[in-house]
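Following: one structure in structure tokens, then a few remarks.
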Amino acid sequence: MTQHITKGSVFDDLGFSAVEAANLKVRATLMRAIEEEIDKKSLTQAQASKLLGVTQPRISDLRRGKMHLFTIDVLVNMLEKLGKPVYIVIDDRLAA
């Protein structure tokens, strides 16, 4: 068995461009935070959909990790509705 050295994330390893990988990492992080908050509040998909103003199948898509169906702004809005504001930190050290 050969060992695989990761390039930093699964998105990098799958061959996405740096820009695409960065976008996917942000969306994955936001989706994970939404799922965690829904779980923390013990919301059913129906309750979560009502709170977030979306359909229940939309919550199912989120739970199934269908990242291509969600934009960053939609995910940020969902977190705000869950009472979890989003703050962005841009680290210049990463640009080197």
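What follows draws every value from the coordinates through simple rules; no lab data is involved. Quantities reported herein were computed from a predicted structural model and do not represent experimental measurements. All Cβ positions, glycine included, derive from the backbone under ideal geometry; neighbour counts span all protein chains shown.
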Exercise. Relative contact order (percent) for region 39-88, with alpha-carbon contacts under 8 angstrom and 6 or more residues of separation?
Worked result: 27 percent
Problem set entry | Where labels lie 7 Å past Cα in the beta-carbon direction, separation of D91 and T29 in nm | 0.9 nm
Exercise. What residue among A46, P85, L69 has its Cα farthest toward the positive end of the dipole of region 42-91, where the charges are +1 on Lys, Arg and -1 on Asp, Glu, each on the Cβ?
Worked result: A46
